[in-house]
Amino acid sequence: MRSLTLGTSLTLSPSSSTPTPSSKSPLSLLIKQPPPFFPPSPRVSNESSIPRFGACRATQVVDLFPTVSPEIVVREARLEDCWEVAETHCSSFFPEYSFPLDFVLRVDRLVGMLSGFSIPPGCRRTCLVAVIGGSVGDTFLFGAEDFKIGGFDGKFSLNKGYVTGILTIDTVADFLPRKGPLRQRRTGIAYISNVAVRERFRRKGIAKRLIAKAEAQAKSWGCRAVALHCDLNNPGATKLYKDQGFRCINVPEGANWPQPKTAPNVKFNFMMKLLNTPSTTA
């Protein structure tokens, strides 16, 4: 099809059936050319660059809009969080591991969390998670109210969110000094362990919120104090705990206080914080 320039006329000649352009003939038939048509460009989907398995919509929002910080919710961990809890733990405490050892370690942590969370009678243990993309009021929960596996809530949610940080709190007192000649377990002191935040979400106050939630949990259990061990070679963590009110406890010389089972050359600060529990009146 032949196109004409906008503003030209078309003269029909009896000797030819082909129209010829002319701009001066009075018998011309002026035909204005319609605006050029540009077909819409095909939509390009970015789904191919996003992994279909393990993809999290919340993390995509953070990637696309880094200035927008979705709400962080701290709650009790559920069974559906198990893999992400194991992944957060291993990537934080064992970042030097690579495939396939990192995968084996994650599976080992997962099995340990599900089967090794046995606690003595009368003790409590729970795992807290900081999630992004969840909501405070999870209205769609499935599962029995009191059903638990280890330290995990047995309920499932349709709005799970993405785990960015973890913390374990218990009253088992495995790493607290024993009491009396019979070496009885200490009561009234909650112990915090496994505090970890994914690297990309650090320095956003997530650890502080986890600790605050753990303290509230300890108060609900009737504890008067919380305790933890902090690596001496981690001054950032030591400062974090001191800023939250924890104080270093001097271990008596020659005392054999229990410590976390890690590398033999790792030394710890034993730290405690008294809780302002409401006084009871008779």
Subject >> Conditions (1) closer than 18 Å to LEU128 by Cβ; (2) in a loop (DSSP other than H, G, I, E, B); number of the one not met by ASN265 >> reply: (1)
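Residues checked against (1) touching a helix residue (DSSP H, G or I) at 6+ places or on another chain (Cβ under 9 Å); (2) over 20 Å from VAL131 (Cβ atoms):
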| site | (1), (2) |
| --- | --- |
| ARG203 | no, no |
| ALA207 | yes, no |
| GLY222 | no, yes |
| ASN250 | no, yes |
Subject >> Candidates GLY188, GLY143 - the one that is small (Gly, Ala, Ser) and modelled with pLDDT under 90 >> reply: GLY143
Original post:
Within the set of pairs 6+ apart or on separate chains, which have a first residue in segment 116-134 that is crowded, with 19+ Cβ neighbours inside 10 Å and at pLDDT 80 or above, a second that is charged (D, E, K, R) and not in a strand (DSSP E or B), and C-beta atoms under 7 Å apart?
Top reply: LEU128/LYS213; VAL129/ASP81; ALA130/ARG209
Original post:
From the set of residues in segment 205-258 that are closer than 28 Å to GLY180 by Cβ and part of a strand (DSSP E or B), which is most open to solvent (accessible area, probe 1.4 Å)?
Top reply: ARG247
**OP:** Those residues that are in contact with a helix residue (DSSP H, G or I) (Cβ under 9 Å, 6 or more places away or on another chain), free of Cβ contacts under 8 Å to residues at least 60 places away in the same chain and open to solvent by 30 Å² or more (accessible area, probe 1.4 Å), I need them from segment 179-199; list them, please.
**Re:** VAL195
**OP:** Tell me which of these TYR162 doesn't satisfy, since it passes every other one: (1) among the hydroxyl-bearing types (Ser, Thr, Tyr); (2) open to solvent by less than 50 Å² (accessible area, probe 1.4 Å); (3) at pLDDT 95 or above.
**Re:** (3)
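The values are calculated or read from the model by the stated rules, or taken from the named source; none is laboratory data. Note that the coordinates shown come from a computational prediction; the quantities given were computed from them, not determined experimentally. For neighbour counting, all protein chains shown are included, and Cβ atoms are generated from backbone atoms with ideal geometry for every residue, glycine included. These area figures cover heavy atoms from the full protein model, side chains too; ligands, DNA and RNA do not enter into them. Shrake-Rupley method; radii C 1.70, N 1.55, O 1.52, S 1.80 Å.
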